[in-house]
Amino acid sequence: MSLAIGVDVAARRGCDVVALGDDLVAVPVGRVRTADELRTLLDELRPDAVAIDAPPAWASDDGARRCERELQRLGISIFTTPNETRGTANAFYDWMLTGFAMFDGARGYVTLETFPHASAIALLGRRPQRGLLRDPRAKRAWRLAALEASGVDTTALTTLDEIDAALCAVTGRAHLAGDAVALGDATEGVLTLPRALPVVVSSR
């Protein structure tokens with residue numbers, strides 16, 4: 001049996017953690033705020049992969065990483081990772097610092113950088129309709145549809161953060177099954193998504 005853990009990263013409210021096993025039932029297993037809290041949880045669950053919604057480190061220069069450029073060429077927006085000087089000077093990037101801590105807490109496990117929005121697009125084969133993401137209920141329904149299209153039981157998921165953590169976990173399981181694509185390169189950071197991204201066409 002294989003188990004993937006998805007971690008939705010947030011700077012202040014804590015990081016939601018969802019487990020996904022062979023039964024494809026998405027199970028929220030807690031909210032963590034520090035590397036030590038995540039480590040304690042992982043050592044209890046012993047997952048085969050940990051998929052985290054954040055980059056693992058600052059960029060080495062001031063340009064977008066290759067994986068981010070590849071997503072942008074597909075028409076998928078993503079917050080680019082700054083270098084350390086720019087990142088630490090702007091509180092907006094505090095969530096990335098939290099993400100770095102999650103990677104530290106998962107050290108020793110198979111860890112993946114993921115992006116739930118892009119994972120949902122990969123699973124559904126299309127971008128959301130223009131303006132849909134500005135409506136929280138529509139955004140939630142669209143991402144739930146991506147999970148359900150993959151056969152995931154979403155009954156236990158009550159918040160968008162848990163849904164995003166579940167999308168990370170789906171990506172982790174795809175990696176374990178050899179059914180994932182890795183964008184970018186190891187020197188800058190590899191972004192993993194379920195399945196090969198299709199030519200993305202916006203539904204209107």
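Every read-out reported here was derived from the displayed coordinates using simple, explicitly stated rules and does not represent laboratory data. Just so it is clear, the structure is predicted and the values come from calculations on it, not from any experiment. FYI the Cβ positions are ideal-geometry reconstructions off the backbone, even for glycines, and counts take in every protein chain you see.
Beta bridges from DSSP with both residues in the chain: antiparallel share about 60 percent, rounded to the nearest 5. Counted by neighbouring Cβ atoms within 10 Å, the residues T114, T158, T81, T40 run from fewest to most as T158, T40, T81, T114. Hydrodynamic radius of segment 4-194 by the Kirkwood approach over all distinct alpha-carbon pairs: 16.4 Å.
Let me have the relative contact order for the chain, percent, based on Cα pairs under 8 Å that are six or more residues apart. Rounded, it is 30 percent for the chain.
In this Cβ point-charge picture (+1 for Lys and Arg, -1 for Asp and Glu), the chain has a dipole of about 900 debye about its Cα centre. For T81, the residues 5 or more places off, or on other chains, whose built amide H falls under 5 Å of its own are R65. For V50, nonlocal amide neighbours, meaning residues 5 or more places apart or on other chains whose placed amide H falls under 5 Å from its own, are I5, V110, T111, L112.
Computed from phi, the 3J(HN,Hα) profile of segment 131-146 under the Karplus parametrisation 6.51, -1.76, 1.60 (θ = phi - 60°) reads x, 4, 5, 7, 9, x, 5, 5, 4, 4, 5, 5, 6, 4, 4, 5 Hz, with x in place of Gly and Pro.
Each residue of segment 35-51 was assigned a 3J(HN,Hα) from its phi angle through the Karplus curve 6.51 cos²θ - 1.76 cosθ + 1.60 (θ = phi - 60°); the sequence is 4, 5, 5, 5, 4, 4, 5, 5, 5, 7, 8, 6, x, 8, 8, 10, 10 Hz, with glycine and proline shown as x.
Counting neighbouring beta carbons within 10 Å and listing from fewest to most, the residues V27, V170, V9 come out as V27, V9, V170.
Taking a Cβ cut-off of under 12 Å around R66, the surrounding Lys, Arg, Asp and Glu residues balance to a net charge of -2, with basic ones at +1 and acidic ones at -1.
Between segment 85-140 and segment 26-63, the C-alpha centres lie 12 angstrom from each other. For segment 72-148, the relative contact order comes to 21 percent (Cα pairs under 8 Å, sequence separation of at least 6). Please find the FRET efficiency linking D61 to T155, where r is the Cβ-Cβ separation and R0 is fixed at 35 Å, and quote it to the nearest 0.05. Given R0 = 35 Å and the Cβ-Cβ separation, E is 0.20. Cβ-to-Cβ counts within 10 Å put I121, I76 in ascending order as I76, I121, the fewest first.
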